[in-house]
1. Among residues belonging to segment 44-81 that are within 15 Å of the ligand (Cβ to nearest atom) and in a strand (DSSP E or B), point out the one that is least open to solvent (accessible area, probe 1.4 Å).
2. Scan segment 82-105 residue by residue and report those that are within 11 Å of the ligand (Cβ to nearest atom), assigned to a loop (DSSP other than H, G, I, E, B) and touching a strand residue (DSSP E or B) at 6+ places or on another chain (Cβ under 6 Å).
3. Which count do you get for residues in segment 15-33 that are in a loop (DSSP other than H, G, I, E, B) and either in contact with a helix residue (DSSP H, G or I) (Cβ under 9 Å, 6 or more places away or on another chain) or surrounded by 15 or more Cβ atoms within 10 Å (Cβ to Cβ) (or both)?
4. Out of segment 109-141, which residues are out of contact with any Leu (no Cβ under 6 Å at 6 or more places or on another chain) and within 20 Å of Val80 (Cβ to Cβ)?
5. Can you tell me how many residues in segment 3-43 are free of Cβ contacts under 8 Å to residues at least 60 places away in the same chain and away from the ligand (no atom under 12 Å from the Cβ)?
Amino acid sequence: MSKRIAAGFIIFRRLERNPIEYLLLQTSYGEHHWTPPKGHLDDGESALQAAERETKEEAGLDKNDLEHYNKFEEKITYNVSGRPKDVFYYLARLRNPEQTIQLSDEHQNMSWSNFQDACRLVKYHEMINVLKKADEFIQNN
Ligand SMILES: Nc1ncnc2c1ncn2[C@@H]1O[C@H](COP(=O)(O)OP(=O)(O)OP(=O)(O)OP(=O)(O)OC[C@H]2O[C@@H](n3cnc4c(N)ncnc43)[C@H](O)[C@@H]2O)[C@@H](O)[C@H]1O
């Protein structure tokens, strides 16, 4: 059985002296879980291209709106409906921290959350690990 592959962006912003905040979106379907913008790869698309397309579709953010840290890439794997799914995450800073996020029909809510709140919202340990690695990367770069 083929593996499903998706990709997305961990997007962060810093408003003046406030702590770093991470962008999370809440699905309008299923169990309404919270996730960074991401989605499945289209045919012929690279993971990074899919992450950029999904971020535009789901959050209204163009790649020019983002500063992409290309030394950061994390892959997580988990089972969805009994099938493995790989998700590649990239990291980017929102250049204008006050830019409005434009949701699509796929999401019913959004949040800019500090690290602790973001970990609570995403709830899955693989995703919390990605946030931890992103947070460490940001502190060290
Ligand atoms: N239940 C549903 N009802 C109606 N339409 C639906 C649907 N699920 C998907 N769709 C459709 O699929 C489209 C989304 O496609 P895409 O936009 O292409 O894909 P995605 O972000 O990867 O979506 P998804 O929500 O399925 O993925 P996730 O892995 O986060 O989440 C998939 C599952 O894995 C769980 N999950 C997420 N992260 C996990 C982790 N780290 N460990 C274990 N489980 C995890 C989530 O809670 C969730 O149950 C939507 O437009 C919608 O039309």
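1. Residue satisfying both the conditions and the ranking: Ile76.
2. Once the filter is applied, which keeps residues that are within 11 Å of the ligand (Cβ to nearest atom), assigned to a loop (DSSP other than H, G, I, E, B) and touching a strand residue (DSSP E or B) at 6+ places or on another chain (Cβ under 6 Å), segment 82-105 yields nothing.
3. So the first thing to find is which residues in segment 15-33 are in a loop (DSSP other than H, G, I, E, B), and the list is 15-20, 28-33.
Going one step further and asking which of them are either in contact with a helix residue (DSSP H, G or I) (Cβ under 9 Å, 6 or more places away or on another chain) or surrounded by 15 or more Cβ atoms within 10 Å (Cβ to Cβ) (or both), we end up with 19-20, 33.
Total meeting the criteria: 3.
4. Val122, Lys123, Tyr124, His125, Glu126, Met127, Ile128, Asn129, Val130, Leu131
5. 4
To keep it simple, each residue is scored yes or no on (1) under 18 Å from Leu24 (Cα atoms); (2) among the hydrophobic types (A, V, I, L, M, F, W, C).
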residue: Asn79; (1), (2): no, no
residue: Leu91; (1), (2): yes, yes
residue: Trp112; (1), (2): yes, yes
residue: Tyr124; (1), (2): yes, no
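The values are calculated or read from the model by the stated rules, or taken from the named source; none is laboratory data. This is a predicted model, so every value here is computed, not measured. Neighbour counts run over all protein chains shown; Cβ positions are idealised from the backbone, glycine included. The area values use the complete protein model at the heavy-atom level, side chains included, leaving out ligands, DNA and RNA. Shrake-Rupley method; radii C 1.70, N 1.55, O 1.52, S 1.80 Å.
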